[in-house]
1. If you go through the stretch B:257-278 one residue at a time, how many are modelled with pLDDT of 95 or more and either part of a strand (DSSP E or B) or at the interface with chain A (Cβ under 10 Å from one of its Cβ atoms) (or both)?
2. So which residues in the stretch B:29-74 are of a type in the set (S, T, N, Q), closer than 25 Å to A:Ser516 by Cα and more than 9 Å from chain A (Cβ to nearest Cβ), if there are any at all?
3. Run down B:Thr111, B:Thr103 and say which single residue is facing chain A (nearest Cβ under 8 Å) and in contact (Cβ under 8 Å) with a residue 24 or more places away in the chain.
4. Which of (1) buried (at least 17 other Cβ atoms within 10 Å of the Cβ); (2) not assigned by TED's automatic domain parsing to the domain that holds B:Ile84 does B:Glu183 not meet, given it meets every other one?
5. For the stretch A:67-94, give me each residue that is of a type in the set (A, V, I, L, M), outside any helix (DSSP H, G or I) and either within 14 Å of another protein chain (Cβ to nearest Cβ) or without any contact (Cβ under 8 Å) to a residue 12 or more places away in the chain (or both).
6. Any idea which residue in the stretch A:282-324 is nearest to A:Ser98 (Cα to Cα), counting only those that are of a type in the set (Ser, Thr, Tyr) and within 14 Å of chain B (Cβ to nearest Cβ)?
7. Please state which one of A:Arg541, A:Arg475 is of a type in the set (Lys, Arg), crowded, with 16+ Cβ neighbours inside 10 Å and more than 29 Å from A:Asp75 (Cβ to Cβ).
Amino acid sequence: MSDHHKETFITKYIFCQDHKMIAKQFLITGMLMAVVGMLMSAIFRVQLANPGETSILYNLLPGSWLNEAGVLNPDKYLALVTMHGTILVFWVLTAGLSGTFANFLIPLQIGARDMASGFLNMLSYWFFFVATVVLVSSIYVESGPASSGWTIYPPLSALPQAIPGSGTGMTLWLVSITLFVVGSLLGGLNYIVTILNLRTKGMSMQRLPLTIWAILFTAILGVLSFPVLLSCGLLLIFDRSFGTSFYLSDIIINGEMLHNTGGSPILFEHLFWFLGHPEVYIILLPALGIVSEVISVNSRKPIFGYKAMVGALMLIAFLSFIVWGHHMFMTGMNPFLGSVFTFTTLLIAIPSAIKVFNYLATLWRANIRFTPAMLFAIGTVSAFITGGLTGLILGDSALDINVHDTYFVVGHFHIVMGLSAIYGMFAGVYHWFPKMYGRMMNKHLGYLHFWGTFICAYGVFFPMHFLGLAGLPRRYYTNSAFPMFDGLSDINSIITFFALAGAVVQTIFLFNFFYSIFKGTKATQNPWKSNTLEWTTPIERIHGNWPGEIPSVHRWPYDYSKPGADEDFIPQTVPLKEGEKEH
Amino acid sequence: MTNILIALVAILIIATLVQITRVSELLSELKNQDVNKVTDKDNKTQGVLMLVVGTGFMVFVLWQLVAWNHLLLPPASSVHGAQIDSLMQVSMGLILVLFFILTPMLFFFATKYRGRKNNTAYFFSHNNKLEVIWTVVPTIVLTGLIIYGLKTWDITMNADTTNATVIEVYGKQFQWTARMAGEDNLLGKSNYRGVTSKNALGIDMEDENAADDKLAREVHLVVNQPVLLKFRSQDVIHSAFLPHFRVQMNCVPGLSTKFAFTPTQTTTEMKEQEGQDFEYILLCNKICGAAHYNMQMKFVVETQEEYDTWIATKITLKEKLLTQK
């Protein structure tokens, strides 16, 4: 397939159909967007710690976002929060994470030369790229970008009179997200088809690495739920531009009486969260897959309870479709419906608990090799425990009354979804960097990066639980308008300090990444002594992955430290010895 | 000037990182080993760091629990609020117990089982008995928690409202208005098309129930008297959040929502407990525009006599709209 065609600069680096290059395109775009999103959070954290003051960081913003005194305008604070959420949820942790590792790992780990359709795969990136351009350009629109929160609830998002960001900025947001959904559907279908059809000889489903299982469920979730977001967005476009009333009813805004009647903003919320909740797992599952692989390799031990891990992933994926209402307990929905969603939501704790116990059992009596990837994998498990537990409060409708939409929620999802997923992403980058670029990332910088990030991240997000329990709502430009929150300014300062420090620490990673692409030490073929198929490919990238025949698979991927073996790992390509049981 | 300084700092940071990388590469060249190979020494350092930072994390959490203990939910001042708080205590207790078991376990394992060159890991791929235990036990615990949660939810949501005083809370960017139902305890009908500068809530004055309704910019409640709040919004979604009463409900344009509760502590009593600055506050808790952060209304809980004095100072809608021209 690949041996004969010539690659030009354009087909190799730009309109490339090789899954490995597409993965890198996703990764680098995702990283750039992560920097943008992180800077936005740094800026609004500065506003929260020092409300009403100016800051050097505000120089990064368009001038019209500040008032004469150089202070951030309240509606632009909301614009920053909205764009931060949108970028991190969709651009970094969906496209950046799934796009990178699904593309990179699926063909390499199942033993395929490329994705089922290289062309669709390329299109998926370029749709994403155009979506990125549109979203970034919306920041520079005169009235500002979308400002109604990343959940863009109408009527706020539908009416430019309600907030300036709901004008052109919101239109661009909707265009961008539409392109994004198209891109992610093209990618998702490709992932599913490839995993089901292109596995090499011997690679039965029971022998798939957990990364691939996780990516498979992620892709299924995406294919089933993103179209709902698309239709949800289309109806909003209709309401905004063509005078329909799907989401609007009985509104007087700025003294203007609108004609719309009969619509319901709650319909929007149902449609949005029907994607929105599976989206949480679209973000989390690939990270858990990566972490399973990294923990097993670096513990030099099989992942504990492989079948239970797959079962737990499946159960989480299924349940994620029937819990969306827990985002809407306070919308006035029928209390009985609230009960149903409480029940289904709390059930997710069971497969989650299984996963945590299995990770712990994998570490028990291991021989842990602390690569930077392993540190981040342990960080993911820690974040998953810390953040997952507070879900028991938020999922319980009666308790949600007092923490709904407060900083408790912000702390919860940043830890369980944000940190777990971003740690998983870092683990993946450190682990597969040698495969991506043929070079190693610097270990010492990796250690520094992990500890800096780990300490700062808990410093940012753990105190938020207390703010939330004290009743502080999220998305407040400042909490100085309420005397009851006066005592919270110290906590806000602590959070901002750690947020800024954490942002600085990320430069270590960026430096390490780009430096190592060009100057890192050369990688050996299988630097982590791993069992999976990607490490049987040559170090130099070739289109088609294996120069000769695709290897056959004879065992599961987790034969580490198996008694009776010569080394502490047995690659999947090694046939079972006579009388050897599979596991 | 500042920009130049920032640029200088950035350059210095990058230069430092390059030097760190170079030094680590040179050192390992001297020792004749691969710089990025994880050695036993690395495992020891990182393993110990796991224990140190893990312990530090636990201490940090404990410190927060002690130092910020007063923030763990403001005192509840409603009948159902007390029930919610018991559920919260049980859930919080469970969470903390699990947190203080699982997290130390994770860091302890990381330290204890750090790699050594001559060690071999224990091949342990699954154990059905263990797995059944840690599936069944969480299931049982959760069943209890779910049942307890649903009971509390039921008590909260299905409160008896037959004798409740009816009050409408009306939200618009960025202001709350309250409408007391008057002596008949019935709110007059309303329609957004009837909104004028004078009739800000669009009340239908043809409806005889509307005549004795009264508008106010703060809400007064009688202690231990059930109240039924009905919510409307004029423009975007707002959320009426009364943290001390454990009450929250969205206000949605085109839709009527409600929440019933019984306040149990007067403002005066709360001032004695919490300090003289204390007030019951209704906050907006759903992003609603630029001034979302400052959309509030005061609630006052008082005795029947105090309430009667206050309500007498308010004029009815009939007086406001029909007689005053």
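1. Of the residues in that region, 6 qualify.
2. Step one: filter the stretch B:29-74 for residues of a type in the set (S, T, N, Q), giving B:32-33, B:36, B:39, B:43, B:45-46, B:55, B:64, B:69.
Applying the additional criterion that residues be closer than 25 Å to A:Ser516 by Cα yields B:32-33, B:36, B:39, B:43, B:45-46.
If the condition is that a residue be of a type in the set (S, T, N, Q), closer than 25 Å to A:Ser516 by Cα and more than 9 Å from chain A (Cβ to nearest Cβ), then B:Asn32, B:Gln33, B:Thr39 are the ones that fit.
3. B:Thr103
4. (1)
5. If we filter the stretch A:67-94 for residues that are of a type in the set (A, V, I, L, M), which is where we start, we get A:69, A:71-72, A:78-81, A:83, A:87-89, A:92-93.
Of the ones still in play, those that are also outside any helix (DSSP H, G or I) are A:69, A:71-72.
Matches in the stretch A:67-94: A:Val71, A:Leu72.
6. For the stretch A:282-324, the residue satisfying everything is A:Ser292.
7. Being of a type in the set (Lys, Arg), crowded, with 16+ Cβ neighbours inside 10 Å and more than 29 Å from A:Asp75 (Cβ to Cβ) holds for just one of A:Arg541, A:Arg475, which is A:Arg541.
Listed here are the residues, each with its yes/no results for (1) among the β-branched types (Val, Ile, Thr); (2) over 30 Å from B:Asn119 (Cβ atoms); (3) modelled with pLDDT of 80 or more.
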| position | (1), (2), (3) |
| --- | --- |
| B:Leu5 | no, yes, no |
| B:Ala10 | no, yes, yes |
| B:Ala15 | no, yes, yes |
| B:Ser24 | no, no, no |
| B:Gly47 | no, no, yes |
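The values are calculated or read from the model by the stated rules, or taken from the named source; none is laboratory data. Just so it is clear, the structure is predicted and the values come from calculations on it, not from any experiment. For neighbour counting, all protein chains shown are included, and Cβ atoms are generated from backbone atoms with ideal geometry for every residue, glycine included.
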